[in-house]
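*Asks:* Sharing a structure here in structure tokens format.
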Amino acid sequence: MQAPIISVKNLNKHFISYKKSPGVMGSFTSFFKRNPITKEAVKDFSFDVQKGEIIGLLGPNGAGKTTLMKMFTGIIVPSSGELKILGTNPWERDKNFRKKIALVMGQKSQLWWDIPAMDSFLLLQKYYEVSDSDFNERIEKMSKLLGVKDLLHIHVRKLSLGERMKMELMASLLHNPEVIFLDEPTIGLDLVAQDNIREFIKDYHRKNQCAIIITSHYMQDVQALCDRLILIFDGKKGYDGTLDDFENILGNEKVVSFTFNEPQLNDYQILNAYKPQWSEDKTQVELRVCEEDLRSLSSTIIKNYPVTEFATDKMPIERVMKELMNNPELLKSQLV
Amino acid sequence: MTEALERNIQKWWITIKVSWVKHTAYRMNFFLQMIGPALVFFFVKYNLWSSIYSADKSMIIKGFNFEQMINYHTWAFIVGMVAQGHGSWNLSDDIRMGRISSYLIYPFNFWEFHTASWLSFQCIQIGIASFTLVCVAAAGVLQLPSLEVMTMGVAYTLFISLFWFTMQYFTGVLAFWLEETWILRVMLNIITYFLSGAIIPLDLYPKWIVDILNYTPFPYLTYYPIKIFMGQGSHITQGFFIILFWTIVFAFLNHRIWKKGIRLYTAAGM
């Protein structure tokens, strides 16, 4: 087996901030005496990433995802632990290392606002020492794929969020990085733009076989792109495995939905065991049913009630995620 | 020239060009930047000294008649524009708002980017200063010195602008520790304004104060460069070494502060 592209062992990061009581008195007191608070942002985190893998890093707000990304890219220094990206300590910020990685931040623009995207690209071409022929070829290909060819000479501040995000992606991929870090790349985008970006990343990965780590709150991103999922809760790794295993983490339950031809106002005792979730107008119910009960329960309901539609599906990843966020203790058995 | 050096020069050159585009992106802003300081100068300083000398045009104040005083302040204006025009607002904001993250990822260092931006800014300032100088000379407010004096004055002023940049950079990188550095910068600017002879010539100060000031960088920032342009150059060698000393001190401090500060950097807001 090849050496991992990313190797993380017992990584820790803590931040110190200062507590301040509200109001003028609070400001006055904190002027003389400051109460430090240490926040453990990442605790004892370990994992490896192989070449060509796409990893989804998921977790609630404040779980430590972005802190991990900052450490991976050398923006901040870990408090302790071992971290090697492409065999280098990222925080040493070796220029050769920087030429091999890319970071896209959905919430923060890396392009210069006051100039057209093309000027930024030309700047990055020189920074990353990309030859003219490669540069022209990549710009041509990527702008065509993303549909932004006509926008390259427009000031970045005049672009829409979706257009800007496409430019950000182009800027980060101009130098053909070996490892790409995508921090919420589709945040705030409409469905079509989200889909465009996903397709583009997928296509880029297929052609270049780079390693990608992506954080996102949109499960569609994860489902469309990732082979492997890492869950982070309160700075700790909660789950590390395939998407299929993740979907089964709460057991082999399926989601079954029944639609009725009229509102069902009676209390169905039979459904109570399957965590029913009724629509507001009481014409639809969603149940969580284990595989063993699926056939018998479905036929009973179809036979005895005015069912017009019936559908079954795997437990949606959003539902699993929500359940785990509300009950992180469910992951204890999965802790690696 | 080695290939690596050539590539590095290309990086600096493109950064200077892009910074130039950024500085001139807003036409109205650029226009105001060009004429604003000149208008302030003529409305405030010219009128002030005209009033002071209005009673007696032949009055001499500490060796300055009206024309010489206006000459002094016109040169103060030109020198200030080139030597002390640069501020470090962007730099400290970049640190405070977590915007330096991008520079930490690009294979071009933060100090390189800001130094190249400063060089670009200086080119614009020199252009504006030259334009202003030609205008005031054409209006008869100022007599242009000989080419030799001019070259000496320009070289000295550019050298001071390098010192000013390293000092501004110092106040900028303090943003790793201080959440707001603007008060520090405003204080520094006001102190410099008073002690460098930008408000009134140092000849009007008590001699003992000037003797002390001569050991600090302040008088060499405005007063002595003006004297060079006015053909009365003095303390040139002493000024050169004092400014060189402080430039090296600030460059060293900037390096140390960056090394230490970057370990504290949290990239807040990212």
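*Asks:* Show me, for segment A:255-264, the HN-Hα J-couplings you get by feeding each phi into the Karplus relation (A = 6.51, B = -1.76, C = 1.60, θ = phi - 60°), rounded to Hz, glycine and proline as x.
*Replies:* 9, 10, 10, 10, 10, 10, 7, 8, x, 9
*Asks:* Ok, one more. Return the distance in nm (one decimal) between the two label points of a simple spin-label model at B:S130 and A:S131, each offset 7 Å from Cα along Cα→Cβ.
*Replies:* Once both label points are built, they end up 3.9 nm from each other.
*Asks:* With +1 on each Lys and Arg Cβ and -1 on each Asp and Glu Cβ, and nothing else charged, work out how big the dipole of segment B:2-264 is about its Cα centre, in Debye to the nearest 20.
*Replies:* Magnitude of the dipole: close to 460 debye.
*Asks:* Taking K and R as +1 and D and E as -1, what net charge do the other residues with C-beta under 9 Å from the C-beta of A:I76 add up to?
*Replies:* Result for the local shell: +3.
*Asks:* Can you tell which of A:F135, A:F97, A:F28 shows the greatest fluctuation in a Gaussian network model of chain A with Cα springs below 10 Å?
*Replies:* A:F28
*Asks:* Pick out which of A:G238, A:G26, A:G74 has the largest mean-square fluctuation in a Gaussian network model of chain A, springs linking Cα atoms closer than 10 Å.
*Replies:* A:G26
*Asks:* Lys and Arg at +1, Asp and Glu at -1: add these up for the other residues within a Cβ distance under 12 Å of B:A76 and post the number.
*Replies:* Taking every other residue near B:A76 into account, the sum is +2.
*Asks:* A follow-up question, please. Among B:V186, B:V141, what is the fewest-to-most ranking by other Cβ atoms within 10 Å?
*Replies:* B:V186, B:V141
*Asks:* Test of understanding: ordering A:S216, A:S299, A:S17 by Cβ neighbours within 10 Å, fewest first, what list do you get?
*Replies:* A:S299, A:S17, A:S216
*Asks:* Something else now. What residues qualify as long-range amide H neighbours of A:V104, i.e. H under 5 Å apart, gap of 5 or more or another chain, H built at 1.01 Å from N?
*Replies:* Close amide H contacts, sequence-distant or interchain: A:F181, A:L182, A:D183.
*Asks:* Right, another one. Per q in 0.18 Å⁻¹, report the Debye log10 I(q)/I(0) for segment A:204-323, using one uniform scatterer on each alpha carbon and no solvent.
*Replies:* So the normalised log intensities are -0.96.
*Asks:* Using the count of nearby Cβ atoms within 10 Å as a rough guide to exposure, how do A:R34, A:R98 rank from fewest to most?
*Replies:* A:R34, A:R98
*Asks:* Okay, moving on. Residue by residue through segment B:131-138, what is 3J(HN,Hα) from phi via Karplus (6.51 cos²θ - 1.76 cosθ + 1.60, θ = phi - 60°)? Round to whole Hz and write x for glycine and proline.
*Replies:* 4, 4, 4, 4, 5, 5, 5, 5
*Asks:* Moving to a separate point now. GNM, chain A, Cα, under 10 Å: largest mean-square fluctuation among A:P177, A:P185, A:P22?
*Replies:* Sorting by GNM fluctuation, first place goes to A:P22.
*Asks:* Which FRET efficiency, nearest 0.05, do A:K254 and B:N109 yield, Cβ-Cβ r, R0 60 Å?
*Replies:* With a Förster radius of 60 Å, E is 0.60.
*Asks:* Just checking the output field for A:121-127: average partner chain Cβ neighbours within 10 Å of each residue's Cβ?
*Replies:* Neighbouring Cβ atoms belonging to other protein chains average 6 per residue here.
*Asks:* Per DSSP H run of at least 4 residues, take -39500 (n - 2.57); add these up for chain A, divide by its residues and hand me the 222 nm value, nearest 500 deg cm²/dmol.
*Replies:* Calculated mean residue ellipticity at 222 nm is -10000 deg cm²/dmol.
*Asks:* Follow-up question, since we're still on this one. Just flag the trypsin sites (Lys or Arg not before Pro) in segment B:59-141 sitting in loop per DSSP whose Cβ has no more than 16 other Cβ atoms within 10 Å.
*Replies:* B:K62
*Asks:* A further question on this structure: Starting from the Cα-Cα distance between A:K33 and A:K322, subtract it from 0.36 nm times their residue separation and give me the gain in nm to one decimal.
*Replies:* Net length gain for the segment: 99.9 nm.
*Asks:* Rounded to whole Hz and in sequence order, give me ³J(HN,Hα) for segment A:234-240 from the Karplus expression 6.51 cos²θ - 1.76 cosθ + 1.60, θ = phi - 60°, writing x for Gly and Pro.
*Replies:* 6, x, 10, 6, x, 8, 8
*Asks:* Would any residue of segment A:139-177 have its amide N under 20 Å from a label point 7 Å out along Cα→Cβ of A:D227? List them or say none.
*Replies:* Zone members listed by number: A:177.
*Asks:* Amide H to amide H under 5 Å from A:I54: which residues, 5+ apart in sequence or cross-chain, H placed 1.01 Å off N in plane?
*Replies:* Sorted by chain and number, the residues that satisfy this are A:I212, A:D227, A:R228.
*Asks:* Using a simple charge model, +1 on the beta-carbon of Lys and Arg, -1 on the beta-carbon of Asp and Glu, nothing else, what dipole does the protein assembly as shown show about its Cα centre, in debye to the nearest 20?
*Replies:* 1800 debye
*Asks:* Also: Rounded to the nearest 0.05, what FRET efficiency is calculated for B:S50 and A:T242 with R0 set to 56 Å and r the Cβ-Cβ distance?
*Replies:* Using R0 = 56 Å, I get an efficiency of 0.10.
*Asks:* If each of B:V210 and B:R27 carries a label point 7 Å out from its Cα toward its Cβ, how far apart are those two points in nm?
*Replies:* 4.8 nm
*Asks:* Evaluate the Debye formula for segment B:2-264 with equal point scatterers sitting on the alpha carbons, no solvent, and hand back log10 of I(q)/I(0) at q = 0.10, 0.14, 0.17 Å⁻¹, in q order, two decimals.
*Replies:* -0.56, -1.06, -1.44
Coordinate-derived values only; no laboratory data. Because the structure is predicted, anything quoted here is derived from the model rather than measured. All Cβ positions, even for glycine, are placed from backbone atoms using ideal geometry, and neighbour counts span all protein chains on display.
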